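The structure appears below as structure tokens.
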Amino acid sequence: MIRTFGESLRLLATRRFGTFWFASLLSNIGTWAQQVAEPWLLLTLGASSFLIGLDSFAMNAPVWLLTLVGGALADRSDRRRVITIFQSIQMLCPTAIVILLMTGGVTPWMIIALSVVVGVTDALSMPSFQSIVPSIVPRAQIGPALALNSTQFNLSRILGPAIAGVLMSSVGVMACFVVSAASYVPFIGVALWILPRRAHEPATAEGRHPLHPFKGIGGILRQPHLCGALLTVLATSVLCAPLITFTPVLVKDVFHGDATHFSTAVASFGIGGLLGAAALLGVPPTVDRRRLGSVFALAFGALLVATALDSWFWALPPLLVLAGASMTISNTATNSLLQATADPHLLGQTVSLYMLALRGGISLGSLLTGATVSLLGIRQALLLNGAAAVVAQLAIARLWLKAPLPEVGAASASRPRA
């Protein structure tokens with residue numbers, strides 16, 4: 001395990017992956033600072049629980065309509081150009097919030113409208129972003145590379161909320177949006193400098209690049225091991241991921257906490273995610289990622305039930321640490337399985353289906369949970385979600401774990417670069 005861990009960490013010393021990793025870390029720190037500040041800003045503007053859920057829905061719902069288009073762009077276009085264009089547009093959204101706060105004209109509906117813009121640009125660019133890692137590392141190192149990428153994401157989930165907590169209590173909520181806007185700059189610079197251009201590939205006789213950009217999706221969904229992975233992620237996103245969206249409601253309404261308590265709770269989830277990603281670095285490639293995905297998805301559902309029943313705030317951070325570890329291990333394991341066993345020529349479309357299950361599930365779950373919170377209360381809503389998640393994951397696992405699993409690397413190694 002120690003040897004596997006050390007071999008995984010050596011990826012950070014490589015020029016392309018290492019630079020990409022650090023630029024992504026800075027960008028995600030800014031994103032998490034905004035994601036902590038935004039629901040708190042909505043609460044201070046008088047927004048209801050439903051509007052907070054609607055804001056998350058607005059940010060994630062475009063995935064349902066556009067992520068398959070984003071997958072086709074990832075397979076057919078220069079991925080660095082796709083990322084650069086849409087990330088630049090996205091950078092304008094926190095900039096606009098800063099201007100609105102300075103002029104005193106900000107309203108909840110303006111923030112929600114800007115979240116729609118973020119959602120559209122994310123849906124179109126995330127398949128290209130997600131398929132960059134497999135294009136800059138050897139195929140056998142996709143799993144460790146994705147785990148390392150998950151460590152930076154979860155490290156940012158710790159640092160971002162911590163920075164946001166300090167800024168919100170000392171300077172004000174506007175500073176978080178300034179940090180968010182600035183954090184796009186290094187990542188866009190790296191996308192222009194380090195990511196390889198994609199050469200145009202004409203259609204082949206074997207139809208590797210079919211005329212219809214979505215033609216390969218049916219074949220992906222007909223493979224039981226890929227379909228099971230996608231269903232596992234979807235169930236987790238719809239039923240368990242709303243825990244993060246409604247943490248500010250839980251902290252404020254149940255525990256009567258302030259912004260510091262909220263940032264502590266979000267950072268705890270990030271600590272768990274970082275620990276989970278680090279643990280995956282020591283898992284040998286021979287370990288079945290399906291079992292990891294199923295077991296920890298089931299654990300996340302059980303932890304959601306425990307969180308709903310918790311009545312003491314200082315028990316909440318440890319529960320969120322365990323929940324963050326469970327979600328990270330489950331999602332990263334299923335993602336590495338998808339990317340390592342998918343047809344290399346359909347990698348963008350495979351990733352787009354993963355993003356559809358992940359982000360689309362979060363949008364649907366946030367909207368439904370927001371309505372449930374308004375009707376039943378935050379505790380009852382989380383309890384209902386957790387119980388449903390346990391039942392759903394048990395049902396999915398019974399079918400998924402019986403499906404035959406192709407060997408990693410069985411597909412052609414002549415994958416087109418990003």
When the stretch 283-317 is examined, which residues are found to be surrounded by fewer than 16 Cβ atoms within 10 Å (Cβ to Cβ) and over 30 Å from Val249 (Cα atoms)?
Pro284, Pro285, Thr286, Val287, Asp288, Arg291
Could you tell me which of the residues Thr95, Thr107 is within 18 Å of Phe57 (Cβ to Cβ) and more than 21 Å from the chain's Cα centre (by Cα)?
Thr107
Could you tell me which residue of the stretch 233-253 is most open to solvent (accessible area, probe 1.4 Å), considering only residues that are β-branched (Val, Ile, Thr) and more than 18 Å from Leu42 (Cα to Cα)?
Val238
Whichever residue in the stretch 218-232 is out of contact with any Phe, Trp or Tyr (no Cβ under 9 Å at 6 or more places or on another chain) and not β-branched (Val, Ile, Thr) and, among such residues, is surrounded by the most Cβ atoms within 10 Å (Cβ to Cβ):
Leu226
Looking only at the stretch 1-46, and only at residues there that are hydroxyl-bearing (Ser, Thr, Tyr) and assigned to a helix (DSSP H, G or I), the one that is modelled with the lowest pLDDT:
Thr4
Is it true that some residue in the stretch 261-282 is open to solvent by less than 30 Å² (accessible area, probe 1.4 Å), more than 25 Å from Ala33 (Cα to Cα) and outside any helix (DSSP H, G or I)?
yes
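Here is a yes/no grid of residues against (1) of a type outside the set (A, V, I, L, M); (2) within 30 Å of Gly377 (Cα to Cα); (3) surrounded by fewer than 21 Cβ atoms within 10 Å (Cβ to Cβ):
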position	(1), (2), (3)
Gly30	yes, no, no
Ala33	no, yes, no
Val36	no, yes, no
Pro39	yes, yes, no
Phe50	yes, yes, yes
Met59	no, yes, no
Thr67	yes, no, no
Gln87	yes, no, yes
Gln90	yes, no, no
Kindly evaluate Ser77 against the criterion of being out of contact with any Gly (no Cβ under 7 Å at 6 or more places or on another chain), surrounded by fewer than 17 Cβ atoms within 10 Å (Cβ to Cβ) and modelled with pLDDT of 90 or more.
no
Can you tell me which residue is most open to solvent (accessible area, probe 1.4 Å) among those in the stretch 107-140 that are in contact with a Gly (Cβ under 9 Å, 6 or more places away or on another chain) and of a type in the set (A, V, I, L, M)?
Ala140
Taking helices (runs of 4 or more DSSP H) that do not extend beyond the stretch 345-418, which have at least 3 residues that are over 26 Å from Leu124 (Cα atoms) and modelled with pLDDT of 85 or more?
361-376, 378-400
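Let's see how each residue does on (1) closer than 17 Å to Phe296 by Cβ; (2) open to solvent by less than 30 Å² (accessible area, probe 1.4 Å):
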position	(1), (2)
Leu347	no, yes
Leu358	yes, no
Ser374	no, no
Leu382	no, yes
When you scan the stretch 150-162, do you find a residue that is at pLDDT 85 or above, of a type in the set (Val, Ile, Thr), under 30 Å from Gly257 (Cβ atoms) and open to solvent by 20 Å² or more (accessible area, probe 1.4 Å), even just one?
no
Only one of (1) of a type outside the set (Ser, Thr, Tyr); (2) within 24 Å of Gly324 (Cα to Cα); (3) more than 21 Å from the chain's Cα centre (by Cα) does not apply to Gly160, and that is (3)
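The values are calculated or read from the model by the stated rules, or taken from the named source; none is laboratory data. As the structure is a prediction and not an experimental result, all values here were calculated from the model. Ideal geometry is used to build each Cβ from the backbone, glycine not excepted, and the neighbour counts take in all protein chains shown. Keep in mind that these areas ignore ligands, DNA and RNA; they rest on the heavy atoms of the full protein, side chains included. Shrake-Rupley method; radii C 1.70, N 1.55, O 1.52, S 1.80 Å.
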